1. When the distances between all Cα atoms of the chain are binned every 20 Å from zero, what whole-number percent does each bin get?
2. I'd like the antiparallel share, as a percent to the nearest 5, of DSSP beta bridges with both residues in the range 2-175.
3. On alpha-carbon atoms, Rg over Rh for the range 175-311 using Kirkwood Rh?
4. Let me know the shape class of the range 17-111, please: from the alpha-carbon gyration tensor, a ≥ b ≥ c as square roots of the eigenvalues, rounded when a/c is under 1.5, otherwise prolate if a/b is greater than b/c, or oblate.
5. Using the Kirkwood formula on the Cα atoms of the range 2-175, what hydrodynamic radius do you get, in angstrom to one decimal?
6. Rounded to two decimal places and with Rh computed the Kirkwood way over Cα pairs, what is Rg over Rh for the range 108-174?
7. Can you compute the charge dipole magnitude of the range 330-403 about its Cα centre, using +1 on each Lys and Arg Cβ and -1 on each Asp and Glu Cβ, nothing else charged? Give it in debye, rounded to the nearest 20.
8. What ranking do 72-83, 337-348, 200-211, 310-321 get when scored by the average of other Cβ atoms within 10 Å per residue, highest first?
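Here, each number is a calculation from the coordinates, and none is a lab measurement. Predicted, not measured: the structure shown is a model, and the values here were computed from it. Here the Cβ positions follow ideal geometry from the backbone for every residue, glycine too, while neighbour counts run over all protein chains shown.
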Amino acid sequence: MKFSMSVNSKNKKGQELIIIPAHKTKNKKVVSNTNWPEEYRNSFSKIKASKSFDGSKGKTFLFPLENGSTIMAIGLGEKESLNFESLRCEMANVFKKIQHDHSEAIIKIEQFILEDDIEKSLASIVQGLMLAAYKFERHLTTKSETALKKIILELDNKNPKNEKLTKKAIHENSIVCESVNFCRDLVNEPPNILNSEYYAKLVEKDSKTLNRVKVKVLGKDQLKKEKMGMFLSVNAGSAYAPRLVHLTYTPKKVTKKTKHIALVGKGLTFDTGGYSLKPSGSMMNMKFDMAGSSTVYGAFRAASLLNSDVKITCLLGITDNAVNEKATMPDSIVKARNGKTVEILNTDAEGRLVLGDVLSYASDLKPDAIIDAATLTGAVLVSLGNEICGLMSNNDNLVEKILSSAKEADEYMWQLPIIEPFRKDMKSNIADLKNMGGSRFGGTSKAAAFLENFVDPKIPWAHLDIAGVGDSQSHLPYCPTKGASGSIVRTLTNYLLNQ
Ligand code: BES
Ligand code: MN
Ligand code: ZN
């Protein structure tokens, strides 16, 4: 689907579908349409049935103009109760309504502006449509047809500033949404196709299309050289080699003040649990256990294409967690990259083992901040539901920045604490650490308390547990009802671009 912009194109062919908002008048069962051009209001009121359309949410009303164009009035309820997220959702619903029957649609943007903020309104419009248009049909022999190919964002009045902002919004939000959709594609790909070696190759190939990005892929021998004993212990039972994808983006201008942000992602192409095998019901969908890595890659991708001013390192720790005769047995003690010894009580707590070594590698690069994303614990679903991303950190300043980036993206995120008793609970009596707490209570924070051991305490670090939000977000019309959501790519992109 392509977006373009036009200004007050009066000479319409008479075949257009024109989309406008309709609001409800406060406390009345009538539509408030004084914003509409006179021509629209006249055509609307000529139709008797228009009397029963009051602009309430979820309702739409179609009517023709004199020249034959069709107006689709989208009921959005009272204007005061709308916000940028509901606008995003309504646009996704519009897409679903028109995708099969129209090849082109015009959206009257000025009518949709909320809070006088054209940029944020446009972001919601483009994102709602483009994210809703996503389909994962690579493996279907018969693909569904989408008629809708072109969206024209139309301004009523010639206004150079608004024209510039509209073009910019189309450009930027298309890149962000393509990156969200790229992330979704990676997560949805099944594990027999997207194994560690193939995943690393795919990312390496895609990274060549980005701006000023260098890529290095470390294999088993290099991980051994790096002494990544935890990471390697997870890979021990796998038929595929582990991969650490190391991407670096350098901004156009680098000065002494240029910040350096490191992103780290959990890339478990499949999590069987290992010898601590998951029951079959819980194992289903564990192809999505690499969502953390594709989320950070999605944000890295967008930030590079949008020429972020900060230097960005992106590190993807990729393997599966499988079982064979060489797989790591529970009770094993392994040595982490930073020298700490870890008793592996449960081979299903594998994400923290991979991340720990990669976080230690990231710390050595001395970035100004490290953010990791991981589908780390089932417990985050218990504490925060599948709608909220868990955030844990060693630095309040970083927390504030990430939370405000999440708010800007309208993505839910909530901080969970790392407290002393949790740190204590992760200590073993026969090794420095153990990979699982004494009880399942507080599991999300305890996993973070474990990770903290591998981060240089001088570096601000934040951990995002996306085990809930990475998967199906069926309450969001701009996410597929089933499958990867691509959540948090937008939050992290905002964070990188706002530095
Ligand atoms: N990948 C899982 C976390 C997960 C579970 C994500 C359910 C989404 C849905 C992770 O590797 C895992 O298995 N964690 C264990 C940790 C436990 C053994 C300490 C968990 O959450 O049960
Ligand atoms: Mn696991
Ligand atoms: Zn896992």
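1. For the chain, the pair-distance distribution reads 23, 49, 23, 5, 0.
2. Values: 7 of 26 bridges.
Within the range 2-175, antiparallel bridges account for around 25 percent of the total.
3. On the way: Rg = 16.1 Å, Rh = 16.1 Å.
Rounded to two decimals, Rg over Rh is 1.00.
4. On the way: a/c = 1.66, a/b = 1.03, b/c = 1.62.
Oblate shape, in that a/c is at least 1.5 and b/c is the bigger or equal ratio.
5. Values: mean 1/r = 0.0599 Å⁻¹.
It is 16.7 Å.
6. On the way: Rg = 14.8 Å, Rh = 13.6 Å.
Dividing the radius of gyration by the Kirkwood radius yields 1.09.
7. Numbers: 6 positive and 11 negative charges, 44 e Å.
Dipole size: approximately 200 debye.
8. Details: 72-83: 17.7, 337-348: 19.9, 200-211: 15.8, 310-321: 26.7.
Order by mean packing, descending: 310-321, 337-348, 72-83, 200-211.
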